[in-house]
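Structure first, then comments.
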Amino acid sequence: MRLSAAVAVAVLLAGVSRAEPPPVSELVQRLESEDPEERAAARDGLRD
């Protein structure tokens with residue numbers, strides 16, 4: 001069971017490392033947005 005969890009984490013990290021994060025300035029602009037959906041999207045971008 002530990003091996004499969006380690007494989008799952010490795011696959012997840014490989015996928016995340018290929019994804020291009022949005023520029024910081026775009027995230028800051030979204031965080032300052034009046035739209036709650038934009039702020040939520042920016043927070044999700046910061047977590048990734």
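The values are calculated or read from the model by the stated rules, or taken from the named source; none is laboratory data. All values reported here derive from a predicted model rather than from experimental measurement. We place every Cβ from the backbone using ideal geometry, glycine too, and count neighbours over all the protein chains shown.
Overview of results
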read-out: Residue 6 among the aliphatic types (A, V, I, L, M) and at pLDDT 75 or above; value: yes
read-out: Any chance residue 17 is part of a helix (DSSP H, G or I), at pLDDT 75 or above and surrounded by fewer than 10 Cβ atoms within 10 Å (Cβ to Cβ); value: no
